[in-house]
Every structure is written in structure tokens, then in C-alpha cells.
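**Q** Below is one structure. I have some questions about it.
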Amino acid sequence: MKIKLKGIVLLLMATVLPLAAQDVVVYGPDGKLQVSVWCPEGGEPSYAVSYNEKQMLKPSPLGLETNVGNYAKAMKLTGHAVNVIDTVYMQSRIKASRIHYQANELICFLTNAEGNKAEITFRVSNNDVAFRYTLSRQSERGSVTIKNEKTGFHFPDQTTTFLTPQSDVMIGWKRTKPSYEEEYKVDAAMNIRSQYGHGYTFPCLFRVGEDGWVLISETGVDSRYCSSRLSDAQDGLYSIAFPMAGENNGNGTVEPAFSLPGSTPWRTITVGESLKPIVETTVPWDVVEPLYDTKHDYKMGRGTWSWILWQDGSINYDDQVRYVDLAVAMGYEYVLIDNWWDNNIGHERMEKLIKYAQNKGIDVFLWYSSSGYWNDIEQGPTNKMDNSIIRKREMRWMQSLGVKGIKVDFFGGDKQETMRLYEEILSDADDHGLMAIFHGCTLPRGWERMYPNYVGSEAVLASENLIFNQHFCDEEAFNATLHPFIRNTVGSMEFGGVFLNKRLNKGNDGGTIRRTTDVFQLATAVLFQNPIQNFALAPNNLTDASQICLDFMKKVPTTWDETRFIEGYPGKYIVLARRHGNQWYVVAVNGSKEPQKLKISLPMLAGQTVSFYSDGKQLQPQMKSQKIKADGSFQLTIQPQGGAMLVTE
Ligand code: CA
């Protein structure tokens, strides 16, 4: 990252207004977002956040309790420094391709009762705050264990919540949880017990009444820390919580440790009067840096995967050939071969299958279990990704065959021990020219920028649940209107969706019943962002799906230059626009039971002719050319559990 440091004289003039001896204030570049930090001498450090003079976070605690001293009480703020950050970086795997990050950085220097030093670094852009703690080396101590992080987020009383709970440990399928696959409650009260009593997984969305919105998350988590979450609230105060002792089958510490000098991950607070800054934020990537360069040219794209509709029984040679042929028919780049290939096809015949695919221009992703000793998974291959010796041997085999990526499933939780495994898999995979998708996993935290071969994570109630249980079909549209505001806004989301089967089984004649329309399904191909998309299409769709759908699914890109929130409300509906090159894809879905009649504003399409996709009278997909008015306004009605799209012609 290039940070331009400007002279301190200029900065003091522009960005820092000392209020009192122990108070410092820093604003975002446009002057609306304000962070105040203070520490009464010998007291506890605190901060508060406001936007446009409206309080977004009340005075909230800061500090660390460590095995080398307490940095949360008896503290003294000894000084501060301010820098201006103005940098541009490029990304190919997130919601935008060129990001101009401008922020004012405030570094607060603190000492504790023993005279040991700590810094808290805040970066404040127009709508995002990121902050982290840095501890310096103490004379004899070169390492630290963090016993407890006091960081809190104290919301005003009128706040309501849009949260998903952290689950119990070692529950669910083959004792694989927690895996960020719980349901959301929307517009819920603060101070109620979370479903399991363990608080909430990131990101966490809050509505501060009529004053605005706040999204809390974290970024820059790598092998040097654990992933954290929010506790249950007490009087509106949510605190950073570390993993539970039972995660990872009880193995590994809950207390993260790093060498000194060193820093914690960034805590992030995205703030807006509307939801636009929430949906468009790039803070997860703004404050992290690439951890290694790659010599490989990874290609993003689309894939087919038999497992989603045809399940375990389809992981055989002949069915995989059919899905390779489906990828060819759709003009896709990849096929994903899911669990049990080691058993049902075998490493030797995989060589032949991979050659078959490559001869047709299709590259291969292979599924692996991450475990290991942290669950009871028997789906193979197991015990190949958890050990560096075996992992590298397996990756050399994949590289020798020209396999392009792996999907690694069923991780053990959020402990530092598990973060180390994610990083080792990514690093080894890059050495062997492999991209990595994670399933049954944690939320990615800045990983698209940190790891050049990282291409997405599940960490959501993904498409498989539509197959498993009618309840998730009934809730599909509702859930889809949450992800752009919450889960998917902070990281790539490998959802594995777009079903064109009406019945979610192999024959399209049984199993769960899809409640959403075909155009809704198409819209999710754009609404849900992941740079590699494995779609839930099946070979029968080549003959039984509408040509409108097939033509769209052949063209749809998976990488984006720009993302714009148009309008919506989490749990009700969303209209979102993404640009690929010169082409805009505006997609709308309705999560409610009522039609949504909207007049939307699309200034970037003013006067242009677009393909307008909508649900017909029988909810069948229909498409026609339509000209957008010169003022950029457009009227549309989105059917319940339906969708609409406008695509540049
Ligand atoms: Ca899953």
C-alpha cells in the first residue's frame, strides 16, 4: 500500500481539533464522519462515532488485556499523530476493480501503568472507520497473548439489529459447526439473547433509528490472530468476543498470540445515513495488503457442479462427463467435481476425466475436506489438506494434471489454529497454481486482497439448503435481500445458486419446490458476488429452460468494475447495479409477499436502450428492449419472490 504522508503542520490545521487535554478527534475527508478518542489520565480509553453530528456509537470501550500487561485500564494518552492516506489499488475479485481510498489516519499513543507502550491506529474515510491495536516490544518480552479484547460498540437506544447468531460448537452435520450457516433476524431489538447465547458472527448490521446505518466487521485476519465475533449486548453495548474453547474439537487456544512488535486485525465500522455506503463499502480491502505475490494468471469465470442437484450419487465418471459437456454448452470455464471423487472415480481415472475436460476447454476444481481431527467427516478426500507434507504431495499431483483450483470444506471454527490452516492452504495452493474456494467455513476478512489465489467462501446458508429443506425455499427470496447489505458486502460469497429446475432434484420432478421465479434466479447471478461462480444449472435445463434464461446465463460475467446501490431494504427488496466494462447489469429482487412498485433512478443508463427482464403473467421469464428516459428514471413492478433486470444492450 502506498501511503502518502504529508507534513504534520498541514494536518494539524486540517484534520485534528484537540478538544481537551486527553481528547482527540479525527474526521473523514468530507468532514461528516467523526471519531473521538479520549482517556482520562490513569483511566480507560474510549471512543465514539458520529455522522453529520448524529450519534452512531455512544462512548465505547477500547483496550487489550494481555499476558504482558493490561492495556485497558490505568492508561495514559501521551500523544497522537495524524497522516493523510490517498491511494489507488486494483482488484479483480471484489465488487469494484479500481478503488481510490482516501482517509485520515489518527495514531493514539498510550502507556499503561507499567509504562509499556501501545498504539491505536484509526483510519477514517468518508463512511468507514477501521482501527487496530499495535503493541511494541517490551525489554524482555518479544511475544504477547491477548487474554481479552475490551473493544466495544455501544449503540444508541433506538437501534435495531440485523444479525445472525454464532452457533454452538461441534453440532450439526458430522459435528462441523460453527460454519456461519445460521438464520438472520431483522429489525430485532438489542439486548435480547442470541439464539445460542454466543453472540453474533460478522458482519453485524444495525439501524440507528432514523439517523442511519452501521455495519460492524473486521478485516486483515491471518495466521497471526483468531477470527472474532460480537457478544450478546448489555444495555446496547456489544463487545469483541474470541472463539469458544470447544471449536476445532477443543484443540488450539482461544486466546490469539503474536510476536512483538505486532498488531491485531482491523475492527471496521461502516456508517451511512442511507444503506448506500453499507452496500458499496470497500473497507475490508482498503486497509489490508497483499501477503504474497503470485506468478500465476488466475482466470475468474463460471462453472457447473453436479453435486448441488444430483448430489453424492453423481460423483462418478459418466455423470461428471455430462457436467463437463454442460459447461461446454454454456460456454463456461470450469467444472467443480465435489466430494467422494477419490472413492468413486479414483485418482487414476481422474487423470482421464481431467484430460477429457481440458480437451473440451474446461478446467477443473476438485473438492477436499479440510479435516483432520476437527469433525467426523467421511466424505473423501479427507486428511489431505490438514497436513503440509501430504497437502503439498497432493497439490503437486493436481499441478501435474493442470487442475486449476480446490474447494476445501468443513473447517473447524475461528481459532488462530484454524486461521493458520486457511493461510497455509492458500499459500501452498498458490505455489502449485491453484485457486481456493472455502466451504463450511468462516467469513473471509480482506482475503481477496491479501491472498491472490483466494476466490470465495460459503459462510452463508447457501444453495444446498434449498435442496435439503423446504423452509429454505420458502425463505429464499427474503434471505437474498439480506446478503447484499450484510454477508456479501464484506466478502465474496460462493453461494452456488441459479436454479432453473422448478423441483430441486435430479429429475426436476420431486424434492423441494422452488418458490422464486426464473428471473429472480437469474438476478442472483449478479446480486451475489463471487469471482468464480458455480451455478446450479443441470443438463436438463438445456432443453427444458427458457431460451431467455439460457442466453442470459451464457453471457453473465462474474467480475465487476463498479457496484452501485440503487434502493432497497434488508429483508424486503433490493435494486443493485453492477458494471462489467461498459455494460451495466441492474438487478432487482423482491423478498416480500407483496408486489414492489418502484420508480428507480438510473442516471448511468439515461437515454440508453436496455434489455428489460421481468416476470410475465404466469411468472414466466420475459425480455424486451426498452429505452430508459432521458432523466434516467424507470418504473417497474417486482413480483413477490420475483425479480427484474435491466442489462445494457
Ligand atoms: Ca455448507
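**Q** Of 591, 433, 330, which is farthest towards the positive pole of the chain's charge dipole, taken about the Cα centre with +1 and -1 on the beta-carbons of Lys, Arg and Asp, Glu respectively?
**A** 330
**Q** Based only on other Cβ atoms within 10 Å, what is the fewest-to-most ordering of 342, 128?
**A** 342, 128
**Q** Cut-off is 10 Å between beta-carbons; in what order do 448, 289, 119 appear when sorted fewest neighbours first?
**A** Lowest count first: 289, 119, 448.
**Q** For region 308-333 and region 80-100, compute the distance between their C-alpha centroids and round to whole Å.
**A** About 40 Å separates the Cα centre of region 308-333 from the one of region 80-100.
**Q** Find out how many positive minus negative residues lie around residue 611, taking Lys and Arg as positive, Asp and Glu as negative, among other residues whose Cβ is under 14 Å from that of residue 611.
**A** Cβ neighbours under 14 Å give a net charge of +2.
**Q** Separate question: For 353, 542, what ranking results if the residue with the fewest other Cβ atoms within 10 Å of its Cβ goes first?
**A** Ascending Cβ contact count within 10 Å gives the list 542, 353.
**Q** Same structure, new question: If each of residue 52 and residue 630 carries a label point 7 Å out from its Cα toward its Cβ, how far apart are those two points in nm?
**A** In this crude spin-label approximation the distance works out to 3.1 nm.
**Q** What ratio of Cα Rg to 2.2 N^0.38 Å holds for region 2-286?
**A** Normalised by 2.2 N^0.38 Å, the Cα Rg of region 2-286 equals 1.00.
**Q** Taking only DSSP H segments of four or more residues, each worth -39500 (n - 2.57), what value at 222 nm results for the chain once the sum is divided by all its residues, to the nearest 500 deg cm²/dmol?
**A** Computed mean residue ellipticity for the chain: -5000 deg cm²/dmol.
**Q** Per residue of region 588-597, what does 6.51 cos²θ - 1.76 cosθ + 1.60 with θ = phi - 60° give for ³J(HN,Hα)? Whole Hz please, x for Gly and Pro, Karplus curve as stated.
**A** My calculation for region 588-597 gives 9, 9, 10, x, 9, 8, 10, x, 9, 9 Hz in order.
**Q** Right, next: Given the options 519, 478, 488, identify the residue whose Cα lies farthest towards the positive end of the charge dipole of region 301-556 (+1 on Cβ of Lys, Arg; -1 on Cβ of Asp, Glu).
**A** The one lying farthest along the dipole's positive direction is 519.
**Q** Using each residue's phi in region 92-102, evaluate 6.51 cos²θ - 1.76 cosθ + 1.60 at θ = phi - 60° and report the 3J(HN,Hα) Karplus result to the nearest Hz, with x for Gly and Pro.
**A** So the Karplus estimates, Gly and Pro as x, are 10, 10, 10, 6, 9, 9, 10, 10, 9, 9, 10 Hz.
**Q** Assigning unit charges at the beta carbon (Lys, Arg +1; Asp, Glu -1) and nothing else, what dipole magnitude in debye, to the nearest 20, does the chain show about its Cα centre?
**A** With Lys and Arg at +1 and Asp and Glu at -1, about 1080 debye.
**Q** Using modelled amide H (1.01 Å from N, peptide plane; none on Pro or chain starts), what sits under 5 Å from the amide H of residue 363, excluding residues fewer than 5 places away?
**A** 334, 335
**Q** Got a sec to turn the phi values of region 234-243 into Karplus ³J(HN,Hα) couplings, 6.51 cos²θ - 1.76 cosθ + 1.60 with θ = phi - 60°, whole Hz, x for Gly and Pro?
**A** 10, 6, x, 9, 9, 10, 5, 10, 8, x
**Q** Can you give the alpha-carbon Rg of region 199-295 over 2.2 N^0.38 Å, where N counts its residues?
**A** So region 199-295 has a normalised radius of gyration of 1.26.
**Q** Consider just the alpha-carbon atoms of region 18-134 and return their Rg together with their Dmax, both in angstrom.
**A** In Å, with Rg to one decimal and Dmax whole: 15.6, 47.
**Q** How far apart, in nm, are two points set 7 Å out from the Cα along the Cα-to-Cβ line at residue 321 and at residue 245?
**A** Here the answer is 5.6 nm between the modelled labels.
**Q** Return the Rg/Rh value of region 422-483, two decimal places, where both radii are evaluated on C-alpha atoms and Rh is the Kirkwood radius.
**A** Taking Rh as the inverse mean 1/r over Cα pairs, Rg/Rh reads 1.11.
**Q** List the residues, sorted by chain then number, that are 5 or more residues from residue 406 or on another chain and whose placed amide H is less than 5 Å from its amide H.
**A** For residue 406, the qualifying residues are 366, 435, 436, 437.
**Q** If you wrap a convex hull around the Cα atoms of region 493-582, how much volume per residue is inside, in Å³?
**A** So the per-residue hull volume is 112 Å³.
**Q** Here is a follow-up. Using a simple charge model, +1 on the beta-carbon of Lys and Arg, -1 on the beta-carbon of Asp and Glu, nothing else, what dipole does region 301-556 show about its Cα centre, in debye to the nearest 20?
**A** Dipole about the Cα centre, nearest 20: 500 debye.
**Q** Using 5 Å bins from zero, what percent of all Cα-Cα pairs in region 301-556 falls into each bin?
**A** Percent of Cα pairs in each bin: 1, 6, 14, 18, 20, 18, 13, 7, 2, 0.
**Q** For the chain, how big is the tail of P(r) above 32 Å, as a whole percent of Cα pairs?
**A** 49
Coordinate-derived values only; no laboratory data. These numbers were taken from a predicted model, which means no experiment stands behind them. Here Cβ is always computed from backbone atoms with ideal geometry, including for glycine, and neighbour counts include all displayed protein chains.
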